[in-house]
1. Specify the residue that is surrounded by the fewest Cβ atoms within 10 Å (Cβ to Cβ); the eligible residues are those in region 98-134 that are hydroxyl-bearing (Ser, Thr, Tyr) and under 11 Å from Thr42 (Cβ atoms).
2. Give the number of residues within region 189-204 that are over 16 Å from Trp124 (Cβ atoms) and in a loop (DSSP other than H, G, I, E, B).
3. Listed residues Pro84, Pro63; which is in contact with a helix residue (DSSP H, G or I) (Cβ under 8 Å, 6 or more places away or on another chain), modelled with pLDDT of 95 or more and open to solvent by 10 Å² or more (accessible area, probe 1.4 Å)?
4. Scan region 68-123 residue by residue and report those that are part of a strand (DSSP E or B) and aromatic (Phe, Trp, Tyr).
5. Out of region 246-278, which residues are among the aliphatic types (A, V, I, L, M), open to solvent by 10 Å² or more (accessible area, probe 1.4 Å) and modelled with pLDDT under 80?
6. Taking interchain pairs and intrachain pairs at least six residues apart, which have beta carbon atoms under 9 angstrom, with the first residue in region 103-115 and among the β-branched types (Val, Ile, Thr) and the second in a helix (DSSP H, G or I)?
7. Looking only at region 124-156, filter to residues that are touching a Cys at 6+ places or on another chain (Cβ under 9 Å) and either assigned to a strand (DSSP E or B) or among the basic types (Lys, Arg) (or both); which one of those is nearest to Cys49 (Cα to Cα)?
8. Give just the number: which of (1) more than 23 Å from Leu270 (Cβ to Cβ); (2) under 13 Å from the mean Cα position of the chain (by Cα) does Gly209 not satisfy?
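The values are calculated or read from the model by the stated rules, or taken from the named source; none is laboratory data. Computed from a predicted model, the values in this text were never measured in an experiment. Note: ideal-geometry Cβ built from the backbone for every residue, glycine included; neighbour counts use all protein chains shown. Just the protein is used for accessible areas: all its heavy atoms, side chains included, with ligands, DNA and RNA removed. Shrake-Rupley method; radii C 1.70, N 1.55, O 1.52, S 1.80 Å.
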Amino acid sequence: MQALDISHEEDKKLCLEVNKNWKVPPPLNTGSTWNSVEHKTTLITNRTCGQYYNLLILVSSAPANLHRRDHIRKTWAFESVFKPRWTTVFLVAQTRLQTESNSLSKEDEVYGDLVRADYFDHYWNQTLKMQMDFEWATRYCKFSFLLKVDDDVFVNSVGLLSFLNKPSTPKEKLYVGNHYKNPDVYRGGKWKVTKDEYSEPHYPDFCPGFGFVLSHDVVVTFVKAFAFVPYFRLDDVYVGMLANKTGIKIIHSEGFELDPPMLCIPKGTLVRHGNWKGDCLTQFFNRAAKRVSYTGV
């Protein structure tokens, strides 16, 4: 397989660049039912995947980020109708703005790719979103691997499937991403955690939340572990806690890139975090996709 790569200067330049009347939206016409099924988490969507997927991509997104979701839909999130199959859904909580709530209902009617939760969206509620997306995946979908990402990443979907298809990649007990080993607990700054919240000086190993992959059996194991691993507000750290408690070991991959300095997609890139603006992601994907070969996936 030929990796996504941008080698020309013109290609490299592409990326230089509380409403009290709020109410929960009514049931949608896309197969998504609200509050009619009892869930263990904040999940309120019971839409099914409809078929088996080799890779299920779950994108965590804020209600207001329609432009990001649209750019993703136009680029790496397209659904493969050929084997190996993959599909993408967006994980969205509630908003206090009625206009945004109405917009989300219309968006889901058009695309049918939103998985919703019944809490108000907030940065420190990401663990709630992670819990509900794992429950939705295990309850309503059949898949081999799950990729959880944020809506500010680029995913080399074909390259990732090639990586997962390698004989050397475990098909069970897989938790792979950018492995943070023996990470420090920050007592100040944006990710400040008090000793009352977590008394140890280091967290269990984890992968940052911008992107990581779990095999189906691991997702099932983690959902069961929600019952005995106490809630922690840092979602990626919480996934590390689940892994530590259940004996799942992390595999490090250089292909999960957190804010790399280079603007191109070098050989080996699987998931890249970055501040994608405007049409940059679309142009970037269109030019890079011309150099993609599906051979070997």
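1. The extreme case among them is Tyr119.
2. Going through region 189-204 one residue at a time, the tally reaches 6.
3. One residue alone meets the criteria, Pro63.
4. Looking only at region 68-123, we keep the residues that are part of a strand (DSSP E or B), and these are 86-94, 114-120.
Across region 68-123, the qualifying residues are Trp86, Phe90, Tyr119, Phe120.
5. Hits for region 246-278 are Met262, Leu263.
6. Qualifying pairs under 9 Å: Val115/Met132; Val115/Asp133; Val115/Trp136; Val115/Ala137; Val115/Tyr140.
7. The extreme case among them is Lys142.
8. The single condition Gly209 does not satisfy is (1).
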